Each structure stands twice: as structure tokens, then as C-alpha cells.
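> First the structure, which I've put down as C-alpha cells, then a few questions once you've had a look.
Only the coordinates and a few stated rules stand behind these numbers; no lab work does. Because the structure is predicted, anything quoted here is derived from the model rather than measured. Note that each Cβ is placed from the backbone with ideal geometry, even for glycine, and that neighbours are counted across all protein chains shown.
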Amino acid sequence: MIKQKQSSEVYTPSERPPVKEMTEEERNEYIDELRQKSEYHFESLKNLVRKMLEKQGNTFQDIHDGKIDWETFEVDDETRAEAAAAIADNGPYGAEATSNRIVNFAVALSGGNPDKLAILRDAINDGFSAVKDIFGDLPEVSERTYTLVHDKLDAWEKEQRGEFLEGNIS
């Protein structure tokens, strides 16, 4: 596992590959690459949370067991700064980076076929709804991510159907 401080991670957008032109093997490799990158970012986030928990003598199991009193739990300045950097516009969990990962994954899963978009939109909506059911209202960065995902999927669909495209979907 690569250890990297969250605050040093910066999101750099990449072009969406032409999944329609990929072989099934190439598309599967691309999907695996996206999965690996997503897992890496998730591990980075878990490490940030684990570090914060351990500073206060807690573990992930304590969260699961309901042993943490969130009323008195404190987030130190260093962790707060790392978290803020992570969700900033150029951070790996910022709305732009996260929406790009979701859209790239959806496009790859569709095989570049916009006719599969309704199924993918439903899955994405279900995912966001499940998180809302667990945590309640989503933070602003998540709401912005949700909006960007749908805007980018709309733009991608229009592009695929040969309709006029306004703006950039990167």
C-alpha cells in the first residue's frame, strides 16, 4: 500500500478514453484501473480517519460498536486541514474529481452506449440515496458532486447522440 499524506494529493483530470472503440478486454482493464484508483483514494481517506481516531484512543471497531460519543469527539486542526484539502476543488475528494471518477466508471460500464444510461443513473441515484439514508443530509461537496455527475452524464449523452454540446464534460 502506498502511504501518502492526504494534503499532498492533488486531482489532475485526464481525458475520458474512447470506450466505444476499446475491446472488451481493454475496457475491463480500464474499469479495473478505475477501481484500483478508487480503492487507493478510499484507503487514503480511511487512513486519515484512522489517524484521527487513534489520536483519541479509538478504533474503527469503536464506531461500529457505537462506543464513540460524537458530542465530545474532537477533530484536531491538522486532520481538519487535511480533510479540507481533500475536498477542495483540486483535492482527490472534491466534487470535480469525484464526479469525474463516477462518470468515467459509468461510461466505461456502459461500453460507450448511451442507451444504458438510464440504468446507470438509477444506480448512481440509489447510491446517493443510500448514503442519505445512513447519514442524513449530505455535505455541500457531495451535493455538488451529485449535480456535476448528472450534468456530465447529460453532456456525454448529448455528445454520443450527436446533439449540440455546450461546455466541457471533463
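> If I take R0 = 25 Å and measure r between the Cβ atoms of Ala130 and Glu39 in this structure, what FRET efficiency does the formula 1/(1 + (r/R0)^6) give, to the nearest 0.05? Please report the intermediate quantities before stating the final value.
Details: r = 19 Å, r/R0 = 0.76.
Efficiency computed from Cβ-Cβ geometry: 0.85.
> Compactness ratio of the stretch 16-69: Cα Rg over 2.2 N^0.38 Å, N = residue count? If you can, show how the numbers build up before the last one.
Details: Rg = 18.1 Å, N = 54, 2.2 N^0.38 = 10.0 Å.
This ratio for the stretch 16-69 stands at 1.81.
> Compare the Cα positions of Phe135, Thr72, Tyr30 along the charge dipole of the chain (+1 at Cβ of Lys, Arg; -1 at Cβ of Asp, Glu; about the Cα centre) and return the one farthest towards the positive end.
Looking along the dipole axis, the top candidate is Tyr30.
> Using only the Cα atoms of the chain, construct the convex hull and provide its projected area averaged over every direction, in square nanometres to one decimal.
Values: hull surface 45.6 nm².
Result: a mean projected hull area of 11.4 nm².
> Turning to a different aspect of this structure: Going by average Cβ density within 10 Å per residue, which order do the peptides 72-78, 142-148 take, highest to lowest?
Working: 72-78: 10.1, 142-148: 17.9.
Ranked from most to least packed, the peptides come out as 142-148, 72-78.
> If one takes the longest principal axis of the Cα atoms in the chain, at what angle in degrees, from 0 to 90 and to the nearest 10, does the Cα axis of helix 24-55 lie?
For helix 24-55, the angle is close to 20 degrees.
> Counting alpha carbon pairs within less than 8 Å and at least 6 residues apart, what relative contact order, in whole percent, applies to the stretch 20-160? Working shown, then result.
Working: 73 pairs, mean separation 35.2, N = 141.
Relative contact order, the stretch 20-160: 25 percent.
> Would you mind checking the pairs Lys46/Lys132; Lys51/Lys132; Lys37/Lys132; Lys46/Lys67; Lys55/Lys152; Lys20/Lys132 and listing those with alpha carbons more than 28 angstrom apart?
Details: Lys46/Lys132 20 Å; Lys51/Lys132 25 Å; Lys37/Lys132 24 Å; Lys46/Lys67 18 Å; Lys55/Lys152 40 Å; Lys20/Lys132 33 Å.
Over 28 Å Cα-Cα: Lys55/Lys152; Lys20/Lys132.
> Around Ala118, with a cut-off of 14 angstrom between Cβ atoms, what is the net charge of the other residues, counting Lys and Arg +1 and Asp and Glu -1? Display every interim value, and only then the final one.
Working: positive: Lys116, Arg121, Arg161; negative: Asp115, Asp122, Asp126, Asp154, Glu157.
Neighbour charge sum, excluding Ala118 itself: -2.
> Would you compute the Debye intensity of the stretch 45-99 from its alpha-carbon atoms alone, equal scatterers and no solvent, and pass along log10 I(q)/I(0) at q = 0.13, 0.15, 0.20, 0.22 Å⁻¹ to two decimals?
With one equal scatterer per Cα and no solvent, log10 I(q)/I(0) is -0.38, -0.50, -0.77, -0.86.
> Calculate for the chain the 222 nm mean residue ellipticity that helices alone would give, adding -39,500 (n - 2.57) per DSSP H run of length 4 or more and normalising by residue count, nearest 500 deg cm²/dmol. Don't skip to the end; give the middle numbers.
On the way: 6 runs with 104 residues, N = 170.
Helices in the chain give a 222 nm mean residue ellipticity of -20500 deg cm²/dmol.
> So how strong a dipole does the chain carry about its Cα centre when Lys and Arg Cβ are +1 and Asp and Glu Cβ are -1, to the nearest 20 debye?
Numbers: 21 positive and 36 negative charges, 45 e Å.
It comes to approximately 220 debye.
> Further question on the same structure: Taking neighbour counts of Cβ atoms within 10 Å as a proxy for exposure, in what order, fewest first, do Arg27, Arg80, Arg161 appear? Walk me through the numbers before you get to the answer.
On the way: Arg27 20, Arg80 12, Arg161 9.
Sorted ascending by nearby Cβ count, the order is Arg161, Arg80, Arg27.
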